[in-house]
Amino acid sequence: MIITVLILISQVANGQFVPEFSGQINTPEFINPGFNASKQKPTGIFLYSNNFKKMEGYNGLFAINLNLPVNNWHTGFGTTLIHELIGDIEKTNGTFNTCVNVTILKSTYLAFGLGLGFERIDSSDIKNRNQFNSSSAISNFIYSSSGLNLFSENLHLGLGVHCTQLGKKLEFNYEYFTYFLNGSYNFVMEESPSIKPVLMYCYYLGVSHYEAGVFMNFNKVFETGVTYRSNQSIICFAEINFFKLALLGYCFQYKFEESSHLSDGLHEFSLKFILPNKF
């Protein structure tokens with residue numbers, strides 16, 4: 001972990017790849033590669049978001065996160081693929097992830113994660129080519145991420161750090177890292193539902209964003225929640241569990257600013273698989 005952090009610090013990056021999907025606070029797997037170390041069974045997560053309007057702004061994404069734990073080693077291996085469309089610019093991010101957990105106290109452990117892969121930016125269809133160098137229509141870059149998590153019986157605290165090695169090929173503002181801080185505490189009642197307050201902080205391109213909300217889980221079958229994001233948007237969540245093998249979710253993000261490309265709302269669908277593990 002220390003070596004990886006030193007490598008990240010030594011990089012010169014300007015601009016990061018941070019998808020604008022609505023359910024970041026409810027899918028830490030995509031912003032913190034160490035979160036999967038909390039899982040004992042193989043999992044797969046699929047996300048699809050769209051505003052269902054062809055606009056110059058954000059038009060949605062498709063994302064996949066797969067994880068295979070090796071319980072005897074207290075570790076796991078997986079991959080993440082994210083493809084998003086912002087106007088006429090396509091961004092694709094693919095990484096290989098690994099994670100490990102270490103017990104420090106009874107029912108309390110630390111989880112570490114690393115990710116390494118590529119980022120591809122395709123601006124060949126952009127209408128105004130003057131804002132980009134002619135040689136940068138399609139560019140490939142090195143992408144890396146790391147994550148640290150603290151898990152307790154009902155508590156989770158996490159830190160995710162992302163870095164893209166862009167050099168000086170694109171005319172974006174200079175930025176070295178993107179940070180995600182997220183936390184939650186699950187208040188388990190004697191009777192359903194359980195209540196889980198959630199918090200998230202993101203630093204991206206010199207701007208800080210906050211998100212806070214609450215989730216309610218009914219007998220581990222149905223979960224609903226609402227969060228407020230500091231860029232003046234509200235996000236509503238709903239998720240249902242099918243036979244403890246799959247979770248189908250939906251969230252809707254509405255942004256208050258009329259000038260925003262999200263003012264008409266962004267719809268996001270999720271499908272999470274939990275595979276039986278007898279090994």
Among the numbered criteria (1) in a strand (DSSP E or B); (2) more than 17 Å from the chain's Cα centre (by Cα), which single criterion is violated by GLU191?
(1)
Any hit, the stretch 42-49, residues being within 15 Å of GLU29 (Cβ to Cβ), at pLDDT below 90 and not aromatic (Phe, Trp, Tyr)
no
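Residue-by-condition table, conditions (1) modelled with pLDDT of 85 or more; (2) under 24 Å from ILE89 (Cβ atoms); (3) surrounded by 15 or more Cβ atoms within 10 Å (Cβ to Cβ):
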{"residue": "PHE177", "(1), (2), (3)": "no, yes, yes"}
{"residue": "GLY183", "(1), (2), (3)": "yes, no, yes"}
{"residue": "SER192", "(1), (2), (3)": "no, no, no"}
{"residue": "LYS196", "(1), (2), (3)": "yes, no, yes"}
{"residue": "CYS202", "(1), (2), (3)": "yes, yes, yes"}
{"residue": "LEU205", "(1), (2), (3)": "no, yes, no"}
{"residue": "GLU211", "(1), (2), (3)": "yes, no, yes"}
{"residue": "SER233", "(1), (2), (3)": "yes, yes, yes"}
{"residue": "ALA238", "(1), (2), (3)": "yes, no, no"}
Here are some conditions: (1) farther than 21 Å from SER49 by Cβ; (2) surrounded by 15 or more Cβ atoms within 10 Å (Cβ to Cβ). ILE104 meets all but one. Which one does it not meet?
(2)
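The values are calculated or read from the model by the stated rules, or taken from the named source; none is laboratory data. It should be emphasised that the depicted structure is a prediction, and the values quoted were computed from it without experimental measurement. Every residue, glycine as well, gets a Cβ built from its backbone with ideal geometry; the counts of neighbours run over all protein chains shown.
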